[in-house]
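Visitor: This is the structure I want to talk about, given as structure tokens.
Rule-based calculations on the coordinates, nothing more; no lab input. For clarity, every value in this text was computed on a predicted model and none was experimentally measured. Ideal geometry is used to build each Cβ from the backbone, glycine not excepted, and the neighbour counts take in all protein chains shown.
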Amino acid sequence: MKTYAGIGSRKLPKYLFPRIHKIASDLANLGYTLRSGGAEGVDEQFEVGCDLVGGEKEIYLPERGWRDNPSDLWLESLPSWENAM
């Protein structure tokens, strides 16, 4: 599986949103899976771009429903969570 981390600053000028959307869309179209944390700013914009073309994504959240994100990948849901504890 080809993956990339779509992460970055939480403070991002809005004029950069389309550029990040394009990068994420292009990577999705090339078969890359987005891995991110769903934070505001760059993380969120990579997810938007990925969603524009129906790309694959893995959004890892600190808790279920964080920032209203529907991802089912949150700390306590991960198989290795109990091992880490």
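Visitor: Step by step: first the residues of segment 5-53, then only those that are surrounded by fewer than 17 Cβ atoms within 10 Å (Cβ to Cβ) and aromatic (Phe, Trp, Tyr), then the one that is farthest from Asn69 (Cα to Cα). Which residue is that?
Guide: Tyr15
Visitor: When the residues of segment 34-61 are narrowed to those that are out of contact with any Phe, Trp or Tyr (no Cβ under 7 Å at 6 or more places or on another chain) and assigned to a loop (DSSP other than H, G, I, E, B), which ends up nearest to Lys14 (Cα to Cα)?
Guide: Gly41
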